[in-house]
Amino acid sequence: MTAVLEVRDLKVRFATPDGEVSAVNGVSFDVNEGECVGIVGESGSGKSQLFMSVMGLLAKNGRTLGSAKYRGTELVGMPVKALNKIRGDKIAMIFQDSMTGLTPHLRIGKQMTEVLVQHKGMSEADARKRALEMLNLVRIPEAGRRLAQYPHELSGGMRQRIMIAMALLCEPELLIADEPTTALDVTVQAQILDLMADLKTVTKAAIVLITHDLGTVAGLCDKVQVMYGGRFMETGTVQEIFYKPAHPYTAGLLASMPRLTEERQEKLYAIPGQPPNLQRLPKACPFQERCTYVHDRCIDELPVLRQVGDANATLTGHTKACHLVSLQNPVSAPHAPSINVAADEARSA
Amino acid sequence: MSKELLRVEGLKVHFPIRTGGILIGQYTPLKAVDGVSFTLNEGETLGIVGESGCGKSTLGRAVLQLIKPTDGQVVFMGSELTGVGAEVIRQKRADMQIVFQDPLASLNPRMTVGDIIGEPLTVFFPKMKAEERKEKVRALMAKVGLLPQMINRYPHEFSGGQCQRIGIARAMILNPKLVICDEPVSALDVSIQAQIVNLLMDLQQEFGLSLMFISHDLSVVRHVSHRVMVLYLGKVMEIATRDAIYAAPLHPYTQALISAVPVPDPDIEKNKQRIVLGGDLPSPMNPPSGCVFRTRCPRATDICAQEVPVLEEKAPGHRVACHHWGLPEQKLV
């Protein structure tokens, strides 16, 4: 497997009047050909900014440190002109809000053909034909008529399909989808998820799915990376992350979701405390203030990603950034209590 | 548990929408809520689910008379709320409160947390001494999981989850009988959602509250509700006990909704056959004739376009509005 995207020790910093905010704090990973990678995290975990920085789309006060390579070409610090040859063509992005993702004063047809004329040098007529094909692929009814419409004339689900169609126009090698279904209703979300699952087999693009919804990840992704406080907490295959979570944060997230497939419980497990303040991230483990297994080492020493089960093995597949040996048997943490819901309730106060 | 607290009958909320006319406007009614009836018992939670535009928030506000219903009856604690004077309703408001979706937007940024939570006390007990009021606020803050010493802080100093706790404290300070929760956890992160859901359920147990829990998240609704009502374009599609709705839904819309929920379990999620509804929600300005769901319904036939299905009891306590009601043909989750 060859990597489409190689990210090494990437950091994102924002200069604000209140001081520097560290949104992403050194993450490294590969996205391989044909793979679907889920990036899971809550608001403020840095999951969106990580890929905004890869795409060179950070706000003016943001800067990127480290390296992100597309097929060996360094993207960090690349001049905008060169970057424009790659993004939209080789790497495409779908945004959460389909209304702001589309230009409001241009007809759908114009927006779609522009991409092809720009990147592929197609004639207007050929580009139109191709745009129609794409609209049919994402199952838009009366595709011909849509080309002459403006974004506001379409429903949210329809706009999201058009965003997906636009992203796929140039047959990108990497598709980054940032919360593609979050703003949609459940039944429309089901349509889009269904579509994306089909597209995964039709196109050969590697997909990065950025989301807070573990359910979406479970259905679409092959690999998952869990982020918290701008760092990866745990990475692995979907099977490993969902069935054998090794990090207390991942385990806590999974336990705190009510599920339709399980017996209803009287009480939900709740991770205590509040999300971290990015301006005052703890020196060591970012999850220490909310972790039920916290011990001295977590406060002094930043845990790095290590192989689950064997800390000395090389990094392949299932890794976690945690000092614990395992959740069932936290022997390296003599003072650590086991997960106790009642105690958490009191602490969250 | 069995004592009735709230009865809503044939509730309609129609908004006049200007659709034309230059000097004399032409108006078409937008039927946000169109003939909804249900009851809510003491200590019970009724989950109200549906997609955006189905009228679930409007229904909540109409029950509280924050929006004046066009037609229908709301009977709360034995007395009618519809068609009575503003002062009568104002007095009743002490017993019925609401928690909003956006935790920060629903708090006045220029008031301290203490003033926000204590405001209902100043309104309903103007003679109460400031010290006593503060004492009550502090006690409640501790109960909802806020540090009482933060009483003089402002909303922007709190995170989303904490702001929602403030909103809940404001709703609870008068010891109401009914709290309407309008998407109380939708704006919160996954790890915070569980905290707030647990808090609401604890408060319900302690004070015997009745809750109307409005949400689009079917997993959360299943967790909190005793009974569930499913709305579509302002009409009730199905209403039943929680177990009946989730284990044996009889309406095709409910079945599609349940099947659409992504389950955080890769083996189940990757292999399941979703019921995917075609198309989008029709415009509530111009709803389909007959059954409002027929344009997206996999079971629709000619009769659905001609006759509006009546909400009828098909099993004990299980009411469905569908010509072709019946158990799903496939496994939903």
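Read the figures in this text as sums done on the coordinates, not as results from a lab. As the structure is a computational prediction, the values presented were derived from the model and not from experiment. Positions of Cβ are generated from backbone atoms using ideal geometry, with glycine treated the same way; all protein chains shown enter the neighbour counts.
Listed by chain and number, the lysines whose alpha-carbon sits under 16 Å from that of residue A:204, ignoring those within fewer than 8 places in the same chain, are A:90. A protection proxy built from the mean count of other Cβ atoms within 10 Å ranks the segments A:202-208, B:68-74, A:13-19, B:107-113, most packed first, as A:202-208, B:68-74, B:107-113, A:13-19. Centre-to-centre, using Cα atoms only, the stretch A:21-98 and the stretch B:110-179 are separated by 43 Å.
Given the convex hull over the Cα atoms of the protein assembly as shown, what projected area results after averaging over all orientations, in nm²?
33.3 nm²
So, R0 is 56 Å and r is the distance between the beta-carbons of residue B:123 and residue A:118; what FRET efficiency does that work out to, to 0.05? Efficiency, rounded to the nearest 0.05: 0.40. Here residue B:56 is the anchor, and the lysines within straight C-alpha reach of less than 17 Å, apart from those fewer than 8 places off in the same chain, are B:12, B:31, B:68, B:235.
A cut-off under 15 angstrom between Cβ atoms defines the neighbours of residue A:2, and their net charge, with Lys, Arg +1 and Asp, Glu -1, is -1. Residues considered: A:122, A:52, A:158. Largest GNM mean-square fluctuation over chain A, using C-alpha springs under 10 Å, is found at A:122. Of the residues A:278, B:278, B:308, the one whose Cα sits farthest towards the positive end of the charge dipole of the protein assembly as shown is A:278 (charges of +1 on Lys and Arg Cβ, -1 on Asp and Glu Cβ, taken about the Cα centre). Available extension along the chain between residue B:80 and residue B:243 is 55.5 nm, counting 0.36 nm per residue and deducting the alpha carbon span. Maximal additional length on extending the residue B:104-residue B:7 stretch stands at 31.8 nm, based on 0.36 nm per residue less the C-alpha distance. Its convex hull of Cα atoms gives chain B a direction-averaged projected area, equal to a quarter of the hull surface, of 19.9 nm². In the frame of its principal axes, the stretch A:115-227 has Cα extents of 44, 29, 21 Å, reported largest first.
For residue B:27 and residue B:329, FRET efficiency with R0 = 51 Å and r from the beta-carbon atoms, rounded to 0.05?
Calculated transfer efficiency: 0.75.
Peptide B:254-264 has a mean shielding of 6, counted as Cβ atoms of other protein chains within 10 Å of each residue's Cβ.
For the peptide A:213-226, the mean number of other protein chain Cβ atoms found within 10 angstrom of a residue's Cβ is 4.
Counted by Cβ distance under 12 Å from residue B:137, the other residues give a net charge of +1, where Lys and Arg count +1 and Asp and Glu count -1. Cross-link partners of residue B:331 among lysines, defined as those whose alpha carbon lies under 17 angstrom from its own and excluding same-chain residues fewer than eight positions apart: B:270, B:272. Working note: 222 nm ellipticity from helices only, DSSP H runs with n ≥ 4, each -39,500 (n - 2.57), summed and divided by the residues of chain A, gives -9000 deg cm²/dmol to the nearest 500.
The mean count of C-beta atoms from other chains within 10 Å of the C-beta of residues in B:237-250, rounded to a whole number, is 0.
Overall form of the stretch A:235-283: oblate. Here a/c, set by the Cα gyration tensor axes a ≥ b ≥ c, is 1.5 or more, and a/b is not larger than b/c.
Net charge near residue A:97, counting Lys/Arg +1 and Asp/Glu -1 over other residues with Cβ under 13 Å of its Cβ? Could you put the intermediate results ahead of the total?
Values: positive: A:159; negative: A:178, A:179.
Net local charge, residue A:97 excluded: -1.
Shape class of the stretch A:34-101 from the alpha-carbon gyration tensor: rounded, with the ratio a/c of largest to smallest axis under 1.5. Size descriptors for the stretch A:102-169 (Cα atoms only): Rg and Dmax, in that order, 10.7, 31 Å.
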